[in-house]
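The values are calculated or read from the model by the stated rules, or taken from the named source; none is laboratory data. Since we're looking at a predicted model, the values are computed, not measured. As a convention, Cβ positions derive from the backbone with ideal geometry for all residues, glycine included, and neighbour counts pool all protein chains shown. Areas reflect the complete protein model, heavy atoms only, side chains present, ligands, DNA and RNA absent. Shrake-Rupley method; radii C 1.70, N 1.55, O 1.52, S 1.80 Å.
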Amino acid sequence: MGSHAKESAVNALLKYKAKQSATQKPQLLPQDDYIYLNLTLKKIPTNPSTNPFKIPLPHPLLDPTTELCLIIDDRPHSPTPPSEDIKKLIKSQNIPVSKVLKISKLKTNYKPFEAKRKFCDSYDLFLVDKRVVHLLPKLLGKQFFKKKKLPLGVDLSKKNLKVQVERALGSALLYSRTGTCCVMRVGKVAMEKEEIVENIVSVIEAAAERVPKKWNGKYKRADAETLESKLGAAE
C-alpha cells in the first residue's frame with residue numbers, strides 16, 4: 001500500500017466520520033472516536049497468543065491524563081502486594097493509574113450487563129495483573145471485546161510498573177489469536193491527518209516484521225476503519 005493510498009483512505013474515513021456526526025441524532029451512549037487498522041491474514045496463526053505485541057506509535061493515542069484502571073490479584077495466598085501498597089507505589093512514582101480494582105470486586109460488583117458496559121466506558125485503558133489474565137474472558141463480557149479494551153497484562157512482581165504503564169500508553173496492540181483478523185487502534189478522529197497516516201505506516205511495518213513471510217505471503221489486506229464503518233485501504 002503506497003503513501004498516496006494510505007492518505008486517500010484516511011481522508012475518506014475522516015470525511016465519512018464528519019458527515020456521520022453532522023447527520024446523526026445525539027447519542028445517549030459514549031461514542032468511539034478511534035480509528036482502527038484491520039489486518040486480514042491469509043491463514044489462521046499457528047501459534048496464537050493472548051499476550052499482545054506492543055508497537056510504539058509515533059503519535060500516541062493516550063497520554064498521562066488518560067483514565068486507567070488496574071485490576072489486581074487478591075486471591076488467597078497470592079504473591080501480589082496488597083492494594084494499599086500498590087496505591088502507595090502509584091502515588092509515589094506518579095503513575096497515571098486512576099483506579100485499582102481487586103479481582104474479587106470485579107467478580108461481585110460487575111455481574112449485570114449494564115454494570116459491565118458502564119465499567120468498560122469509564123476508562124480509556126485497562127491493565128491487569130498477569131497472574132489473573134486467564135480469568136478475565138468470563139468476567140468482562142462482550143463489550144470489552146467489541147471496543148478493543150481487553151486489559152493489558154503487567155508484571156506486578158517487577159519494580160518498573162511506571163515503565164510498563166508508559167509503554168502501554170504509547171503503543172498499538174497486535175494480538176495473534178485464533179482468527180484471520182488483527183484489529184488495532186492506530187488513531188483518533190481529532191488527530192491531524194498526517195499523524196494518523198504516520199501511525200498507520202509504523203504499525204503496518206512493525207506488524208509485517210512479526211510474521212515469518214512478511215507481506216509476501218501472510219497478509220491479505222489492510223483496512224482503515226472506525227467502529228461504524230469499514231473502508232478498504234489496500235489489496
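Before we move on, is Thr66 β-branched (Val, Ile, Thr) and in a helix (DSSP H, G or I)?
Details: β-branched (Val, Ile, Thr): yes; in a helix (DSSP H, G or I): no.
In short, no.
If you check Leu62 against the conditions, is it under 23 Å from the mean Cα position of the chain (by Cα) and either at pLDDT 85 or above or among the basic types (Lys, Arg) (or both)? Walk me through how you get there before you give the answer.
Numbers: under 23 Å from the mean Cα position of the chain (by Cα): yes; either at pLDDT 85 or above or among the basic types (Lys, Arg) (or both): no.
Here the answer is no, as Leu62 does not meet what is asked.
Could you check region 109-124 and list, in sequence order, the residues that are of a type in the set (Asp, Glu) and touching an Asp or Glu at 6+ places or on another chain (Cβ under 9 Å)? Break it down into steps so the answer makes sense when it comes.
Filtering region 109-124 down to residues of a type in the set (Asp, Glu) leaves 114, 121, 124.
Within region 109-124, Asp124 is the sole residue that qualifies.
Tell me, please, whether a residue that is open to solvent by 20 Å² or more (accessible area, probe 1.4 Å), modelled with pLDDT under 95 and of a type in the set (Ser, Thr, Tyr) can be found in region 119-127. First the steps, then the outcome.
Our first condition is that a residue be open to solvent by 20 Å² or more (accessible area, probe 1.4 Å); within region 119-127, this holds for 121-124.
Imposing the further condition that a residue be modelled with pLDDT under 95 reduces the set to 121-124.
Subset that is of a type in the set (Ser, Thr, Tyr): 122-123.
Yes, region 119-127 has at least one match.
Ile44 is checked against (1) part of a loop (DSSP other than H, G, I, E, B); (2) within 27 Å of Cys181 (Cα to Cα); (3) open to solvent by less than 70 Å² (accessible area, probe 1.4 Å) and fails just one. What number does that condition carry?
(3)
For the structure I just gave you, tell me whether Pro56 is closer than 30 Å to Ala207 by Cα, at pLDDT 70 or above, within 20 Å of the chain's Cα centre (by Cα) and exposed (fewer than 12 other Cβ atoms within 10 Å of the Cβ). Talk me through it step by step, then tell me what you get.
Details: closer than 30 Å to Ala207 by Cα: yes; at pLDDT 70 or above: yes; within 20 Å of the chain's Cα centre (by Cα): yes; exposed (fewer than 12 other Cβ atoms within 10 Å of the Cβ): no.
So Pro56 does not fit the description; no.
Could you tell me how many of the residues in region 61-84 are of a type in the set (D, E, K, R) and over 15 Å from Leu152 (Cα atoms)? Give the steps one after another, and end with the answer.
Filtering region 61-84 for residues of a type in the set (D, E, K, R) gives 63, 67, 73-75, 84.
From what's left, over 15 Å from Leu152 (Cα atoms): 63, 74-75, 84.
Adding up the residues that qualify gives 4.
Can you tell me which residue is nearest to Val132 (Cα to Cα) among those in region 59-85 that are touching a Leu at 6+ places or on another chain (Cβ under 8 Å) and open to solvent by 60 Å² or more (accessible area, probe 1.4 Å)?
Glu67
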